[in-house]
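These notes are about the structure you will find just below.
A short reminder: the numbers here are calculations on the coordinates, not readings from a lab. All values reported here derive from a predicted model rather than from experimental measurement. Cβ atoms come from the backbone with ideal geometry, glycine included; neighbour counts cover every protein chain shown.
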Amino acid sequence: MVRVLFVGDVVGKVGRRLVSERLRRLQAEVEAHVTVVNVENAAGGFGLTGSIWEELRRLPVDVFTSGNHIWDKRETGALLDSEPRLLRPANYPAGNPGRGWCVATSRAGVAVAVINLQGLTFMTAIDSPFQAADRILDEIGERAAVRIVDFHAEATSEKQAMAWYVDGRVSAVFGTHTHVPTADERILPGGTAAQTDVGMTGPYEGVIGFKPQAVLERFLLATPRALEPATRGGALCGAVVEVDETTGRSLAVRRVRVEEGERV
Ligand SMILES: [Fe+2]
Ligand SMILES: [Fe+2]
């Protein structure tokens with residue numbers, strides 16, 4: 001059995017503090033063999049900088065996933081090309097830097113494929129994540145029975161549809177991007193674990209990780225305002241899935257939430 005710890009969108013300073021101070025203890029507590037962390041909001045809520053990547057890459061994380069915000073900083077393109085453990089959604093049009101999936105090796109030597117996809121509904125119109133999933137699963141073939149999908153999407157329906165689309169072909173589909181954990185973790189009939197959104201790793205005292213004032217002005221006035229990450233209510237959110245490494249089917253899945261104030 002392979003146990004995978006999946007951690008949702010790391011947002012700003014609070015998110016980075018949580019992964020640097022809490023991740024190791026959590027990994028020991030849940031006995032994780034492989035850890036995947038989404039870092040699309042690590043730099044002040046928007047993307048990734050070179051110096052923040054230097055900080056994150058030292059963490060005991062096997063694969064870093066991302067999403068729409070990975071393109072926010074110009075310097076990230078070079079990072080995506082040079083760092084095979086740092087993924088961006090696979091279904092961006094060809095010609096963009098980086099890669100959207102990789103195969104990591106668990107502590108026990110088991111191959112674990114990690115696939116990063118992005119939804120279309122209420123988001124930038126990119127290539128179909130469903131067709132991209134088909135292509136990538138063909139390419140992975142015999143290389144890895146354990147397959148984890150980070151589906152970075154806005155619409156609950158699209159996220160659930162993806163889980164059903166790949167049911168029996170991947171071990172788990174974990175939703176990211178909306179920053180609010182959903183209480184629907186389950187295993188579909190084909191053996192694919194799914195949670196619509198695992199939630200963010202960041203400050204929950206705000207609006208999806210940001211200070212409320214500027215967000216409210218955006219809603220009330222319908223004009224742009226700079227957003228700043230909130231500072232309070234930090235929590236690390238994610239999920240743990242246990243996978244039979246011979247079949248790739250999930251055996252158990254549960255939500256994880258570590259409050260910043262609490263000891264684990
Ligand atoms: Fe995010
Ligand atoms: Fe996002």
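Some points to look at:
- Flag if Ala125 is touching a strand residue (DSSP E or B) at 6+ places or on another chain (Cβ under 6 Å) and under 23 Å from Val173 (Cβ atoms): no
- Test: Thr105 is among the polar types (S, T, N, Q), more than 15 Å from ligand 2 (Cβ to nearest atom) and within 20 Å of Gln27 (Cβ to Cβ): yes
- Residue under evaluation Asp138, criteria (1) touching a residue at least 24 places away in the same chain (Cβ under 8 Å); (2) more than 21 Å from Thr196 (Cα to Cα); (3) surrounded by fewer than 13 Cβ atoms within 10 Å (Cβ to Cβ), criterion not met: (1)
- Residue match in the range 24-43 (condition: of a type outside the set (Gly, Ala, Ser), surrounded by fewer than 17 Cβ atoms within 10 Å (Cβ to Cβ) and within 17 Å of Glu242 (Cα to Cα)): yes
- Residues in the range 1-37 that are farther than 23 Å from Asn68 by Cβ, not in a helix (DSSP H, G or I) and not β-branched (Val, Ile, Thr): Met1, Arg3, Leu5, Glu31, Ala32, His33.
- Matching residues in the range 173-194 - criterion: being away from ligand 2 (no atom under 16 Å from the Cβ), over 24 Å from Gly141 (Cβ atoms) and not in a loop (DSSP other than H, G, I, E, B): Arg186
- Every residue from the range 211-233 that is surrounded by fewer than 23 Cβ atoms within 10 Å (Cβ to Cβ) and touching a residue at least 12 places away in the same chain (Cβ under 8 Å): Lys211, Pro212, Ala214, Val215, Ala226, Leu227, Glu228, Pro229, Thr231, Arg232, Gly233
- For the condition assigned to a helix (DSSP H, G or I) and either touching a residue at least 40 places away in the same chain (Cβ under 8 Å) or within 16 Å of ligand 1 (Cβ to nearest atom) (or both), Glu158 qualifies.
- If you go through the range 134-172 and keep only what is within 16 Å of ligand 2 (Cβ to nearest atom) and either farther than 30 Å from Val14 by Cβ or of a type outside the set (Lys, Arg) (or both), you end up with Val149, Asp150, Phe151, His152, Ala153, Glu154, Ala155, Thr156, Glu158, Met162.
- Selection count where residues are within 15 Å of ligand 1 (Cβ to nearest atom), part of a loop (DSSP other than H, G, I, E, B) and not basic (Lys, Arg), scope the range 41-73: 10
- Extreme residue, farthest from Phe46 (Cα to Cα), among residues of the range 210-233 that are outside any loop (DSSP other than H, G, I, E, B) and among the charged types (D, E, K, R): Glu217
- Qualifying residue in the range 140-152 (condition: acidic (Asp, Glu) and within 16 Å of ligand 1 (Cβ to nearest atom)): yes
- Looking across Thr192, Thr201, one residue alone is in contact with a Gly (Cβ under 9 Å, 6 or more places away or on another chain), touching a residue at least 40 places away in the same chain (Cβ under 8 Å) and within 24 Å of Leu56 (Cα to Cα). It is Thr201.
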